[in-house]
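Written out below as structure tokens is the structure these notes cover.
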Amino acid sequence: MRIDSLTTYFQEYEKSINSPEKFWENIAENFYWRKKWSKVLEWNFDEPKIKWFLDAKLNITENIFERNLDKLAQQTAIIWESNNPNESSKHISYQQLFSEVSQFANVLKNQGVKKGDRVAIYMPMVPEAVVAMLACARIGAIHSVVFGGFSAQSLSDRIIDAEAKILITADGGFRGSKTINLKNIVDEALEKCPSIEKCIVLERTKKSIQMKNGRDIWWHQAIENISIHCEAEEMDSEDMLFILYTSGSTGKPKGVVHTIAGYMVYTQYTFENVFQYNRGDIYFCTADVGWITGHSYMVYAPLLAGGTMVMFEGVPNYPHSGRFWEIIDKNKVTHFYTAPTAIRSLMANGLEPIKPYQLTTLKVLGTVGEPINAEAWHWYHTYIGKEKCPIVDTWWQTETGGIMISPLAGITPTKPTFATLPLPGVQLMIVDSEGNELKGNAVEGNLCIKFPFPSMIRTTYGNHERCKQTYFSTYKNLYFTGDGAKRDEDGYYRILGRVDDVINVSGHRLGTAEVENAINEHPLVNESAVVAYPHDIKGQGIYAFVVLENEGKTHEITAMKASILETVNKIIGAIAKPDKILFCSGLPKTRSGKIMRRILRKIAEGDISNLGDITTLLNPEIVEEIKKEAGF
Ligand code: WTA
């Protein structure tokens, strides 16, 4: 399964393109199947229909536990570091994790959870979040993890869409100097969620909370006297493993669905090859469990690979900005995977916070979630990797489930800001806006994928048509990523960022329409338009152009801004709060009433040199007003 040289990479890539079925079948042989597949792949991008390892039977947790337990029982699976450096860390062995997962699986069963039921998980970064996910997988329930930074409304929207039966949460969580009262948010959310029968609450902050009679159950009470043995449910390879909601170019987040076998095979394979991970290495991924990186490369892949992973509850700059480096030294971390935003924010603190730490155990560094700029790449390489650690700049998406384009650590020569080459099985195509393939090297256009790979999105939950429209309809017979990309003279890929209405703020995906809808909920807002602009730390910032009722004449600007931010915070969560708000009396529109975002984007980017022809607008005078407001 392991690629160990550039030559082997090219050979394996060839094989994966010439006979994909055979290629993936060989890799799948390394897993534990209750029953093998009758056919490797069935697909078309029309419906779309994507099925891998048809008719095979398995359980992903048997591949984490039973497959490896004879060798790994005593090995540490999870090293957990608290938000508070004075609270002791936890070392959880595979055997112990297995017991906890099985026990909690029995709890879920006792609460009436059956194969195929949806379970929502809204938790802080504690090991029990992993236990909850794997317990669902053990009994064939489908988990839907909701990022703990989302608001009550975002949480209830996701629960309602998935018709989740159970919600697993905590009294609260610690993030830096803040205590997040998750349970209060949950109580508000559940008022609108008739599908939820029970809410299991982990005690973490010990802050006083309300427990609703008949609905709420404490985690520690639920596991009392419950067996630590639970036979794994036999699952079909194409049964759903999880739903993960993500933002797109339309208002409502959609539930991306991943199925069991393909996701399992692809995530372990890519983890071992991209990171060149060997058992015994200590791997630290800073992603939150509520995002796809947390799912694939903090939970599933490292555990499938029998790895030891570090899970960190806190934030990079609390109680000091050397916290990551402290954790790395303390735990002898060999592999470190984080987001460019985190690197940029730490870079802004200078070198002083790094000085107390050796960082000599590090072998491989990784980045994910957004383009990394050259300056941040060099800083990471020089000061964290001490110029000896390869950086894997991994490009992928919630929808792809696993890494698509990335160097293989120490094997693929890297080039700052380039995600480099596609992994085996990944067949890319760059097209122009009409969908014509741009062949050869040194081309730039929209990035598509032309052939299925095992961990690819199967559907959007409850609405297959939406999946088709969003990903498979822009260009015929292609999956469209939504990203622009360039292929250089060496055939290396550089991701240029989203070409659709998705903004990537600190590596968090948000739809412009989603933020606009939230702003428009404010009773005094008439309409709004949201665009991205370059932000030094966050990568992209949110710029909102807002039209108030009565053209804003009667409102006090500072108070209005604060109250709009509060509305967004309440409807989506703090991550979606605009960085800049500009009030105007109208938005530039075409004669058919469409907002001319291109013009707003230019103004937000601070470049008004080429606004294009504005005379055809319905209201060209508004552009002058906005320019003036923006300080031009
Ligand atoms: C962006 C995160 C540049 C991209 C795993 C993609 C990147 C979106 C990179 C998916 C990278 C992710 N370089 N851009 N290495 N990795 N992106 O679904 O725009 O949260 O479409 O998945 O992040 O974000 P998502």
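Points to keep in mind about this one:
- Here the contact order of region 126-260, divided by its residue count and restricted to Cα pairs under 8 Å and six or more residues apart, works out to 25 percent.
- Built amide H within the under 5 Å cut-off of T460, gap 5+: C467
- Computed from phi, the 3J(HN,Hα) profile of region 169-182 under the Karplus parametrisation 6.51, -1.76, 1.60 (θ = phi - 60°) reads 8, 9, 4, x, x, 9, 9, x, 7, 9, 10, 9, 8, 4 Hz, with x in place of Gly and Pro.
- Distance between the C-alpha centres of region 189-258 and region 168-188: 15 Å, rounded to the whole angstrom.
- Extension gain (nm, one decimal) between S19 and K439, 0.36 nm per residue minus Cα-Cα: 149.0 nm
- Among beta bridges that DSSP assigns inside the chain, antiparallel share in %, nearest 5: 60
- Alpha-carbon centroid distance for the pair region 361-407 / region 483-549, whole angstrom: 22
- Backbone phi angles across region 75-88, fed through the Karplus curve with coefficients 6.51, -1.76 and 1.60 (θ = phi - 60°), yield HN-Hα couplings of 6, 6, 8, 10, 9, 9, 10, 6, 4, 9, x, 7, 7, 5 Hz in residue order; Gly and Pro are listed as x.
- Calculated mean residue ellipticity, 222 nm, the chain: -8000 deg cm²/dmol, from DSSP H runs (n ≥ 4) at -39500 (n - 2.57) each, averaged per residue and rounded to 500.
- Remark on region 502-629: ratio of C-alpha radius of gyration to 2.2 N^0.38 Å is 1.01.
- Rg then Dmax, both in Å and based on the Cα atoms of the chain: 24.2, 74.
- Applying the criteria of a DSSP loop state and at most 16 other Cβ atoms within 10 Å to the trypsin sites (Lys or Arg not before Pro) of region 180-225 yields K192, K206, K207, K212, R215.
- Close amide H partners of K49, meaning residues 5 or more places away or on another chain with modelled amide H under 5 Å apart, are N44.
- Packing-based order for 399-409, 72-82, 450-460, using average beta carbon neighbours within 10 Å, highest first: 399-409, 450-460, 72-82
- Note on region 94-233: percent of Cα-Cα distances in each 5 Å bin, starting at 0 and stopping at the bin with the largest distance, equals 2, 11, 23, 24, 21, 13, 6, 1, 0.
- Mean Cβ neighbour count within 10 Å, used as a protection proxy, ranking 361-369, 23-31, 110-118 highest first: 361-369, 23-31, 110-118
- Sorted by Cβ density within 10 Å, fewest first, the residues S345, S247: S345, S247
- Cα centre as origin, Lys/Arg/Asp/Glu Cβ charges: the chain dipole, Debye: 460
- The charge dipole of region 502-629, taken about the Cα centre with unit charges on the Cβ atoms of Lys, Arg (+1) and Asp, Glu (-1), comes to about 320 debye, rounded to the nearest 20.
- Set of lysines with alpha-carbon distance to K207 below 20 Å, sequence-local pairs under 8 removed: K178, K183
- Derived scalar couplings ³J(HN,Hα) [region 477-485; Karplus, 6.51 cos²θ - 1.76 cosθ + 1.60; whole Hz; x for Gly, Pro]: 6, 10, 8, 9, 7, x, 9, x, 8
- Interchain or long-range residues, amide H under 5 Å from G507's placed H: Q540
- Cα Rg over Rh - region 427-498, Kirkwood: 1.00
- Pairs beyond 31 Å (Cα-Cα), from K109/K192; K165/K468; K415/K439; K115/K332; K115/K577: K115/K332; K115/K577
Read-outs throughout are calculated quantities, based only on the coordinates presented, and are distinct from any laboratory measurement. Just so it is clear, the model here is predicted, and its values are computed rather than measured. For neighbour counting, all protein chains shown are included, and Cβ atoms are generated from backbone atoms with ideal geometry for every residue, glycine included.
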